[in-house]
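Worksheet for the structure shown next.
Each value in this text was obtained by applying a stated rule to the coordinates, not by laboratory testing. Just so it is clear, the model here is predicted, and its values are computed rather than measured. Using ideal geometry, Cβ is built from the backbone for each residue, glycine included, and neighbour counts are taken over all protein chains shown.
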Amino acid sequence: MLKVRKKIRTLSIEEYSLLHAVDFRHRVETSILPALWAGKTVLADRYLFTALARDAARGLDLDWLLHAYSPLLWPDLVIYFSMTPEDSRRRIASTRAPHFYEAGQDVTGIDDPLASYGRFIDRVVTEYENLSVVFQFVTVDAGDAVYRQHTRVRELVEKAEKRPWSTFSEDAVEEWLTKSNTQDA
Amino acid sequence: MADKVKYPGRLIAVDGSRGKDIVAAAAGLVDALRRERIECAVSRWDASGLFTDMAAGGHVDRNVSIRTLSLVYAADLAFRLRWEIRPALEAGAVVVAAPYIDTAVALGSTCGLDDEWLRLLMRFAPVPDFRGLAQERKVDKAWKRRADRGYAEYVAMMLATAAPKHASKAARRRMMELLDRTRGRKLFHLSNKGIGQLQKALIDSRKGASRQSASRPRNERK
């Protein structure tokens, strides 16, 4: 649903955000929570905070975004690979042209994808930085050598403890359990 | 992001528990308005095709929750606002949105969601000028589980396996009760008489607006 609409570039800011919220909710209910309930560790390569940063950079209100994504399932550990906007722009320019929404062309109105990306990534990084303070991300320098990042991530995961904020996820778990029980009955 | 813009047009929300009744009520209202030479546009559920795509696509396992479906409804509503409702309101037309927010809120609440969550989720949509309630038929029956009738029937189909009680007769009765609450604003029951009353209220409001614009300078208008 989302891919087709992205391809034909028909999404408004709200539609873009809400369709990602649909996708996120479906993933939480059908993949993440069942795996957690079975005692597995879930590694989410981009999670809720990516959506929050990206949509807030598009001008949506963070309160409304948190509301749309609620009940929230808080992770025990959030690793934020931090990078300057300049590095991000340089890296993407060396490999490919960014896609329309990735470059934020829907909000910048700039025809050149790379120029648009340059403008948009500034806002996204600012939002990430704000979120990292509010939600206590653990930051890893993405400009560092890959093996150092790898070592650091291993250390972080090994030392990770359940954060007290995981108790805030009760609503999400309860709702999912109710749904699952009804289904099993 | 709440839509607080005052549009020159008028927005009429038509809600109900059954797709066919909502369509019939909207059609009756539009006919009556057009007889009075009032131009109106109709905005219907699934204009974006999201629900159709979802039914036709990879969700045949029906492993979807009411929360996910409510998010899809909000996305569809955002689409309708952008392409159908706001342009017509800006052009000064009357828009009949059938269904609008109350249908999704009442159905979501019936299925166990917090109605405050639903209202806040859809706060980007403008508050309707008039609220109409479709005349309900077959009130003692549960919804038909179909993808092509209306939002409630669609939800009943999607939740039939996962949560059959949300597709029951009792659920429909509960939804009708929730829809019938006025929430401090006049609710027009769209029988022939109700359509007439709504039509009159609409004409009066337009007269009021034109009187206001003629007598007050532009910069003093709210």
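Proximity of backbone amide H atoms, modeled 1.01 Å from N, is registered between residue B:132 and B:13, B:14, B:15, B:188 at under 5 Å, excluding neighbours fewer than 5 places apart on the same chain.
Candidate cross-link partners of residue A:3 among the lysines, defined by an alpha-carbon separation under 30 Å and a same-chain spacing of 8 or more, comprise A:40, A:179.
Angle of helix B:19-35 to the longest C-alpha principal axis of chain B, folded into 0 to 90 degrees and rounded to 10: 20°. For region A:13-39 versus region B:133-173, the inter-centroid distance based on Cα atoms is 25 Å. Count the net charge of all other residues whose Cβ sits under 10 Å from the Cβ of residue B:51, scoring Lys and Arg as +1 and Asp and Glu as -1. Here the count lands on -4. Evaluated over the Cα positions of region A:2-184, the convex hull gives a direction-averaged projected area, one quarter of its surface, of 11.7 nm².
Helix-only mean residue ellipticity at 222 nm, the protein assembly as shown, DSSP H runs n ≥ 4 weighted -39,500 (n - 2.57), per residue, nearest 500. What is it? Only helices count here, giving -16000 deg cm²/dmol.
Using the Cα coordinates of region B:10-220, the gyration tensor eigenvalues translate into equivalent-ellipsoid semi-axes of 31, 18, 15 Å, sorted from longest to shortest.
Using a 10 Å cut-off around each Cβ, can you sort A:82, A:17 from fewest to most neighbouring Cβ atoms? Walk me through the numbers on the way to the answer.
Numbers: A:82 17, A:17 27.
Going from sparsest to densest Cβ surroundings: A:82, A:17.
The count of lysine pairs in region B:10-220 with alpha-carbon distances below 12 Å, taking only pairs 8 or more places apart or on different chains, stands at 5. Averaged over the residues of A:21-28, the number of partner chain Cβ atoms lying within 10 Å of the residue Cβ comes to 5.
Using the 10 angstrom Cβ neighbour count as an exposure proxy, how do A:13, B:66 rank, fewest first?
Arranged by neighbour count, lowest to highest, A:13, B:66 become A:13, B:66.
Annotation: the antiparallel percentage among DSSP beta bridges lying fully within region B:10-220 is about 0. Remark: B:68, A:50 ranked as A:50, B:68, counting other beta-carbon atoms within 10 Å and listing the fewest first. The local environment of residue A:175, defined by Cβ-Cβ distances under 12 Å, has a net charge of -2 under the rule Lys, Arg +1 and Asp, Glu -1. Here is the size of region B:58-159 from its Cα atoms: Rg then Dmax, 14.5, 44 Å. A convex hull fitted to the Cα coordinates of the protein assembly as shown yields 167 cubic angstrom per residue.
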